[in-house]
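These notes concern the structure reproduced below.
Coordinate-derived values only; no laboratory data. No experiment lies behind these values; they were computed from the predicted model shown. Don't worry about glycine lacking a Cβ; one is built from the backbone with ideal geometry, like all the others, and counts go over all protein chains shown.
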Amino acid sequence: MKKIYLIGNPNVGKSVVFSRLTGVQVISSNYPGTTVEISKGYLKLGEERIEVVDLPGTYSLEPTSRSEEVAVSLLKEYPKHEIVVINILDSTNLERNLFLTLQLIEEGFPVVVCLNMCDDAGHRGVHIDIEKLEKILNTPAIPTCAVTGVGIKLLIERLKEAAPASRNKLSNEELWKEIGRIIEQVQRLEHRHHSFRELLEDASVRSLSGPLIATGVIYVSFKIVRFIGELIINKITDPIFSNIYQPLLERLTLHWQEKGFWFHLLIGDLINGKIDFKQSLGVLTTAPYIEFGMVLPYVISFYFILNILEDIGYLPRLAILLDNVLHRLGLHGYAIIPVLLGFGCNVPGILSTRVLESKRERFIASTIISIGVPCVPLQAMIFGLLGKFGGFYVSGVYMVLFSLVLILGLILNHTLTGYSPEFFLEIPPYRFPPLFMLLKKLYFRIKGFLIEAVPIVLLGVMFINILLYFKLFDIVTGIFAPIIKGVFGLPKEAIVALAIGFLRKDVAVGMLMPLGLSAKQLFIAATLLAISFPCIATFIVLWKELGMKSVIKSTLIMITISIIVGATLNFLILH
Amino acid sequence: MKKVSLAQMKANQKGKVIELLGGAGLQNKLMNMGVYNGKEVTKLSHIGLRGPVVIKSGRSILALGHGIATKVIIEVE
């Protein structure tokens, strides 16, 4: 046995099984297509270390989409006798899942059948005779509940029993008939009334109750994100910064007589003789305050709510409801998932555009995300800065971005050749993930954010300070001052912030803090930062996903729009 | 017995799939997800005028774009 492949229909919990087998943590959610990148890990089996590959979900061995193609072609990389295929099934929906199972057996793969979510099947009154199923399929079959770990040990023990079983090849229609016969023998359904959960599942896709529920869900989610974010800032991070960190820094710098290069770099400017976390701009002052005091609280609250929506399985339902609108933008409803992920960070958002089939759709979605979808760090800073001028300006930024997305989508849809494929999606049942799974995923995402953001923020602020100290920005600001002032109505120092936006958006907005801008200027600068160049991480992903030509196209669109929008806002708003 | 497309069916109506129109690619896709000749399905809802159609097929809930829904022919009572 050289390799173990995990294969199964979308959304049966492959990634959770993968995490259990290898200890490698990967993001899993309750919607088809969470896994767009191939994860690899190792399972220790006695003395051997065997590579385990988590494949994207597929309904059959005859691929009908790009991610299915990837799954099937990887499966055929090694000779069949050198691999073991763990076929993961959703026990609550045995019938549909068996189609792939039978195909795998027909093709002669050594298969171990893993009947996942067996606890949920029990709740829903689905009973499966496992022994009978093993006999019919002629393969080991193990009931598991990967979320809690039930059955995983047995699954590992029985891997060695995997062997090719012979089966006649059937046509697809005969295959479904055969499955019908198998289901009759092994599955017993308890007759029960509709549960509250099933009523809710129904109501959220009905044409009247669906949109009502969606409006409620979005409104409540937004409120909770703000509430938790502010709670963390007011009760935890702000007290820590002002009561513990500031006195500590002040004591450390008390005896620092000569306020030269290093002082400037680490502490920054003193405002009225004191450290001001929002204005000092030092590597030890403003940099950690931006990241931990302003952005991190919202990253935590945003992902907490997104994780709940993802794991319950609400997002595909939202996708159905928005299909009509998104069709006019050249996308279909499922594009709402990359967009929502993009609100957290544009990078995973653009990566997940892989769930969309055509290149055209991926281009439209990626461009829309990088122009019109502000990430959490940027949004947190906009709230932090513009909030004090009132909700009018904050919602103004969102209004501008939202209109931009609509206009841009309409134009792209009309000008790009090609068509938008249609929506065809399985809607998962609602599932209620245990709290520890939610917290684990939150921890995993926060860790990812910190690893990515903190070094860049610290280095970024250091870099800016060096340039400022040696007055190297003056040359650039001199050249661009007429444009910045004349077209956008911003002071010439704002060019530094706009340029830093390419590094990280939160630091860029942070650079605006000491400039003492008016509400109008802040509003324009924040909007420009949201629209213009994506940060470098996003840029690299765009490049990788779309190729150079499309990135250049997308960048040109960005620059044009930035100038038009910045100038329009400047001339429209009077005060 | 009447033949209608999924798009024309009414919400909560039951019926049997009798024909899949469209190219081989679409037919395969439908087939892989368990929508094949002889399968009993129930229409749950239809979003908007030309929006997606939601059906229950076996234990799965599927959402199909309007265009695809017009290509699945159902026999209803």
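Some points to look at:
- Over segment B:2-76, relative contact order from alpha-carbon pairs under 8 Å, at least 6 apart, %: 45 percent
- Chain A - mean residue ellipticity at 222 nm from DSSP helices (-39,500 (n - 2.57) per run, n ≥ 4, rounded to 500): -18000 deg cm²/dmol
- Kirkwood Rh in Å, taken over chain A so that all alpha-carbon pairs contribute: 26.2 Å
- A simple packing score, the average count of other Cβ atoms within 10 Å per residue, orders the peptides A:267-280, A:286-299 as A:286-299, A:267-280, with the highest score first.
- The mean sequence distance of close C-alpha pairs (under 8 Å, at least 6 residues apart), as a share of the length of chain A, puts its relative contact order at 12 percent.
- Counting neighbouring Cβ atoms within 10 Å and putting the fewest first, the residues A:Leu43, A:Leu341 line up as A:Leu43, A:Leu341.
- Centre separation in Å (Cα based) which lies between segment A:1-65 and segment A:404-460: 20 Å
- 5 angstrom amide H check on B:Ile74, placed H, neighbours 5+ away: B:Val4, B:Ser5, B:Leu6, B:Ile18
- Shape call, segment A:517-575: gyration tensor on alpha carbons, a/c limit 1.5: oblate
- Shape call, segment A:3-189: gyration tensor on alpha carbons, a/c limit 1.5: rounded
- Chain B: C-alpha gyration tensor shape, a/c 1.5 cut-off, then a/b vs b/c: rounded
- Note that segment A:175-183 has calculated 3J(HN,Hα) couplings of 4, 5, 5, 4, 4, x, 5, 4, 4 Hz, one per residue in order, obtained from phi through the Karplus relation 6.51 cos²θ - 1.76 cosθ + 1.60 (θ = phi - 60°); glycine and proline are x.
- Net length available on complete extension from A:Ile411 to A:Leu467 is 16.1 nm, with 0.36 nm assigned per residue and the Cα-Cα distance removed.
- Evaluated over segment A:3-189, the count of Lys pairs having alpha-carbon atoms less than 17 Å apart is 13 (only pairs 8 or more residues apart or interchain).
- Once the Cα-Cα distance is subtracted from the 0.36 nm per residue extended length, the A:Ile38 to A:Arg158 segment shows a gain of 40.7 nm.
- Each of A:Arg66, A:Arg504 was scored by other Cβ atoms within 10 Å of its Cβ. Listed from fewest to most, they are A:Arg66, A:Arg504.
- Remark: relative contact order (segment A:314-375) = 29 percent; criterion is Cα-Cα distance under 8 angstrom and separation of 6 or more residues.
- A:Asn172 versus B:Arg50: modelled label distance in nm, points set 7 Å from Cα along the beta carbon direction: 2.6 nm
- Peptide A:50-62 has a mean shielding of 1, counted as Cβ atoms of other protein chains within 10 Å of each residue's Cβ.
- FRET E, pair A:Ser358, A:Ile559, Förster distance 35 Å, beta-carbon r, rounded to 0.05: 0.85
- Theoretical FRET efficiency, 1/(1+(r/R0)^6), r = Cβ-Cβ of A:Arg431 and A:Ile573, R0 45 Å, to 0.05: 0.45
- Sorting A:Val400, A:Val454, A:Val85 from the fewest to the most surrounding beta carbons within 10 angstrom yields A:Val454, A:Val400, A:Val85.
- Per-residue ³J(HN,Hα) for segment A:547-555, Karplus 6.51 cos²θ - 1.76 cosθ + 1.60, θ = phi - 60°, Hz, x for Gly and Pro: x, 4, 4, 5, 5, 4, 4, 5, 5
- Rounded FRET efficiency, nearest 0.05, which uses the C-beta distance separating A:Lys259 from A:Leu438 and R0 of 56 Å: 0.75
- The base-10 log of I(q)/I(0) for segment A:371-413, evaluated at q = 0.28 Å⁻¹, reads -0.94 [Debye formula, identical scatterers on Cα atoms, solvent excluded].
- About its Cα centre, the protein assembly as shown has a charge dipole of approximately 760 debye under the convention of +1 per Lys or Arg Cβ and -1 per Asp or Glu Cβ, with nothing else charged.
- Pairwise centroid distance, computed over Cα atoms, of segment A:530-554 with segment A:308-386, Å: 16 Å
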